[in-house]
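The block underneath contains the structure these notes are about, expressed in structure tokens.
The values are calculated or read from the model by the stated rules, or taken from the named source; none is laboratory data. Values in this document were obtained by computation on a predicted structure and should not be read as measured data. Methodologically, a virtual Cβ is constructed for each residue, glycine included, from the backbone with ideal geometry; neighbour enumeration extends over all protein chains shown. Protein only, heavy atoms only, side chains kept; ligands, DNA and RNA dropped before computing areas. Shrake-Rupley method; radii C 1.70, N 1.55, O 1.52, S 1.80 Å.
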Amino acid sequence: MTTFPENFLWGTATAAYQVEGAWNEAGRGPSIWDTFSHTPGRVAGGDTGDVACDHYHRLEEDLDILAALGVGAYRFSISWPRVQPCGSGPVNAPGLDFYSRLVDGLLARDIAPVATLYHWDLPQELEDAGGWPHRDTARRFAEYARHMGDALGDRVHTWITLNEPWCSAYLGYASGVHAPARTEPAAALAAVHHLNLGHGLAVQALRTTAAAAAQMSVTLNLHHVRGVSERDADAVRRADALANRAFLGPMLEGAYPRDLIADTASVTDWSFVRDGDEAAACQPLDVLGVNYYNPTLVRQWDGSARRETADGHQDGAASPWIACEEVEFVRQPGPYTEMGWNIDETGLTELLLRLHRDHPGLPLMITENGAAFADVVDADGRVRDERRVDYLRRHLTAVTEAIAAGADVRGYFVWSLMDNFEWAHGYAKRFGIVRVDRDTMERTWKDSAHWYREVVATGKLPS
Ligand code: FCB
């Protein structure tokens, strides 16, 4: 089956810091990613998001690209420090106005706005006060959510509270390869909790301010963890607890998994979890956002050979895998994308079916999927990115297989609309279906954009 359901939502995704630029314009405050990228040695090539894709100034042009692609939805993120420069206190009207124009521009083109509140750009002032390991950040986040509900709640189709809290907590506070570059495992677990709590409080705040029809969601980068052999079952369990159930537990079931608490007992006693927190984190959701790029392969380390750490998340000063000293992350067979991530769409089908099984009745949406390749502009100006087309085709086929087996998948968003600032990798990794020339900022449709346009128009994968 290669035909998608009637009302399937087709979209593309971006995030504020990766595309907007205008980092210090119109009252925007600094975020942890400004600090990080301005620190020499943190980002490949010394790249920063200062200009990014200049989307802030090219909004109309980019909206027109979305309209020409024919997508039914666009997933963007709101830069918290653009609308609330200090992370608390008054909102910044010009910042808000940008998102209001973005939302109106989408609606005028018949495109549903899917807004992510937090795609990693914490206001620097909140990090200075302790960041996500600090409980107050969850409260500040809910306040910010309430402001956004007040301002845009009548027009946003779907609200996504957090993007990949796994990355915010573990890459930001444990391995330090992302902002704010801290390597404090206990703090990272406190960050996990305050992200979960902040999510729940934000959903509550949005429910009171946004339109009744607005959908509530969160986007998780769940790891589809496999073991090399059956002997590795405990390694799979441990990685799954830390990566997946640390979020799915509180958010969907109102409790942290007991094995996670036990696994991490030498790092923290979890006393930052107060009575009522888990219940607050667990708010009814309309749809769960799933980001998928590749699966994860683990093995119980035998303590002798050098431990493999090929988890795809860059080697930092420390591991993001807290209390997983005996788990090896094994390099998987190719082919690979430019990120070094293996291409294996079967993990997506299996992940969707697991969610369908474990959380029946909760609709799913692929909020990110895509691939970086070293694209070449041919002499005729065309970008023949057939490997990206192949990647997308494989993964969309995997989605249809999950749907055929019963999973309720409502939509799919390509990462990304355009080449952008790929975090610590800078601009070297190109994920876009639209190319962005780094010198001129010119946008050029790659072959994958033309291909995706046809998929969206027909609701089918071209043979
Ligand atoms: C995800 C992020 C997104 C992008 C892709 C490649 O982890 O959410 O911003 O960088 O990876």
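Of note:
- The chain, helix-only ellipticity at 222 nm - DSSP H runs n ≥ 4, -39,500 (n - 2.57), divided by all residues, nearest 500: -10000 deg cm²/dmol
- Spacing of the two label points (7 Å from each Cα toward its C-beta) at L362 and A108, in nm: 3.8
- With N counted as the residues of the range 321-463, its alpha-carbon radius of gyration over 2.2 N^0.38 Å works out to 1.17.
- The listed peptides 8-14, 133-139, ordered by packing as a protection proxy, come out as 8-14, 133-139 (highest mean of other Cβ atoms within 10 Å first).
- Once C-alpha pairs closer than 8 Å and six or more residues apart are averaged by separation and normalised to the residue number of the range 182-336, the relative contact order reads 32 percent.
- The solvent-accessible area of W301, taken with every protein chain present and a 1.4 Å probe, is close to 80 Å².
- For the range 296-397, the list of GluC sites (Glu not before Pro) that fall in a loop by DSSP and count at most 12 other C-beta atoms within 10 angstrom reads E325.
- From phi via Karplus (6.51, -1.76, 1.60), per-residue ³J(HN,Hα) for the range 5-21 in Hz, x at Gly/Pro: x, 3, 9, 4, 8, 9, x, 10, 10, 8, 9, 3, 5, 7, 10, 5, x
- Max-minus-min Cα coordinates of the range 193-346 on each principal axis give 54, 36, 30 Å, with the largest extent listed first.
- For the range 407-417, putting each phi into the Karplus relation 6.51 cos²θ - 1.76 cosθ + 1.60 with θ = phi - 60° gives couplings of 5, 9, 9, 9, x, 8, 10, 6, 9, 9, 3 Hz, in residue order, rounded to whole numbers and with x for Gly and Pro.
- Reduced Cα scattering model of the range 237-320, Debye log10 I(q)/I(0), q = 0.12, 0.14, 0.15, 0.16 Å⁻¹: -0.50, -0.66, -0.75, -0.83
- Spatial separation of Cα centroids for the range 218-258 and the range 160-217, in angstrom: 17
- The Rg/Rh ratio of the chain, with both radii computed over alpha carbons and Rh defined as the Kirkwood radius, is 0.93.
- Accessible area per residue for the chain is 36 Å², calculated with a 1.4 Å probe on protein heavy atoms, without ligands, DNA or RNA.
- For the chain, the Cβ-based charge dipole about the Cα centre amounts to some 460 debye (Lys, Arg positive; Asp, Glu negative; other atoms uncharged).
- In order along the range 218-231, the phi-based Karplus estimate (6.51 cos²θ - 1.76 cosθ + 1.60, θ = phi - 60°) of 3J(HN,Hα) comes to 9, 10, 10, 9, 5, 9, 8, 8, 10, x, 5, 9, 5, 5 Hz; Gly and Pro are listed as x.
- Backbone N under 11 Å from the D259 label point (7 Å along Cα→Cβ), restricted to the range 269-307: none
- All Cα-Cα separations within the range 1-131 were binned at 5 Å from zero, giving a P(r) of 2, 10, 19, 21, 17, 13, 9, 5, 3, 1, 0, each value a whole percent of the pairs.
- Whole-angstrom Cα spans of the range 1-77 along principal axes, big to small: 50, 28, 19
- With every protein chain in place, the chain: carbon and sulfur % of accessible area (1.4 Å): 49
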